[in-house]
Structure formats: structure tokens, C-alpha cells
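Undergrad: Just dropping this structure here.
The values are calculated or read from the model by the stated rules, or taken from the named source; none is laboratory data. All values derive from a computational prediction rather than experimental measurement. Here Cβ is always computed from backbone atoms with ideal geometry, including for glycine, and neighbour counts include all displayed protein chains.
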Amino acid sequence: MSEEQKRKQSEKMKGRYRGEKNPMYGTIGKLSPNFGRKLSRETKMKISESHKGSKCPWTSEFNRTRKGEKSPMYGKKGPLNHNFGRKLSEEEILRIKERNKGEGNPMYNHLKEDVGYTGIHRWVKTRLPKTELCQLCNIIPPYDLANVSGNYLRDLDDWLWLCRRCHMDSDGRLMNFIKPRIKH
Ligand SMILES: [Zn+2]
């Protein structure tokens, strides 16, 4: 953009929000969001003063001096911590649960990769060779691995290659077919 164009653009912008075009137009008095809010000169000075210098919690200077041993939280673990023994209300628990669902879960990637169903499934799949036929009916070729105990163990004995049909109604039949190894 040339200087000339810039100047023109600038001219065009000027006055764009003047008068009626201004989003604040007409919002004087009662319509103004600040209506009725009067701060005395003294109050304003006080606020201004309180924000000056290192007292301000947002300055890095202030935070730097409170690291480690100097932190008010230093060493305050267990009973000394203000969160110790804090009981969460049902509402709070629900909120946390909601927040931790799916991708919001801090363990999301971990679960997905290592200990979740998919992880175990993959683990078994790479170690337990697919059988020619379904291990239950021995008629139809299997289509997927099925878990026997329902506990998704990282144990090859806990998995079977089943056909779709056997997999569908495997719940009851599997438990009859294989002696339950896990006591409930
Ligand atoms: Zn089958």
C-alpha cells in the first residue's frame, strides 16, 4: 500500500464512528453503562496508588520473590495445605467429571494409548494370532477379538477370536464355555 493509499484509507476511517455511527451514540446518562457510578477524585487516587509498585500481584517482580521457600505455600503439604480434607460437593464432582470427559480428560491420551480398551485390544491383536475359525463355534471364521472375563486383561488367555454371531451373544455363552477365572 502506497503512502497515498494509506492516507486515503485513514481519511475514510476518520469519522466512521462519529456521531450516530458510534456504537456509544446516544448512550449518555441513564443509557451509559457507567451511569450513576461516581468515583470521587480521592477514590480514583487510592485505586491508582494501590496498583503502583511491587504490591501489584501481577508484576513479575512480585511473583519472583514468592517462589520456592518464599512462597506462602512452601512446605504446606498434607494437613497444612488449605485443601487438606476438603470435601467436594456433589455439584463440584459432577463439574469435574463433566470437564474430564473425553478429550478434556488429562489422562485422555494416556488412556487411549496404554490402558484403555483400544490399547489392550491392540496389544492382544499383535500377540494372539487370528485363528482359522471362531474359537467358540468352530464353523465361521472369526471377525474380532472378544474379551472373556470382561476385565480386559493384558492376558492372552482372556481373549478369543470369535465370529460376529458368537461375539454378539458371547456374554452368557462365554461364561459357560470357559470356567470363570475371576471371582466376583
Ligand atoms: Zn462363532
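Undergrad: Could you list, in sequence order, all residues of the stretch 114-132 that are in a loop (DSSP other than H, G, I, E, B), surrounded by 13 or more Cβ atoms within 10 Å (Cβ to Cβ) and either modelled with pLDDT of 90 or more or within 16 Å of the ligand (Cβ to nearest atom) (or both)? Write out each step before concluding.
TA: Taking the stretch 114-132 first, the residues in a loop (DSSP other than H, G, I, E, B) are 116, 126-132.
Still in the list and also surrounded by 13 or more Cβ atoms within 10 Å (Cβ to Cβ): 116, 128, 131.
Result: LEU128, THR131.
Undergrad: Being at pLDDT 95 or above and more than 8 Å from the ligand (Cβ to nearest atom) is the filter here; which residues of the stretch 133-153 pass it?
TA: PRO141
Undergrad: Right, ARG181: more than 30 Å from MET73 (Cα to Cα), in contact with a Phe, Trp or Tyr (Cβ under 9 Å, 6 or more places away or on another chain) and either of a type outside the set (Ser, Thr, Tyr) or at pLDDT 65 or above (or both) or not? Show your work before the answer.
TA: Numbers: more than 30 Å from MET73 (Cα to Cα): yes; in contact with a Phe, Trp or Tyr (Cβ under 9 Å, 6 or more places away or on another chain): no; either of a type outside the set (Ser, Thr, Tyr) or at pLDDT 65 or above (or both): yes.
No.
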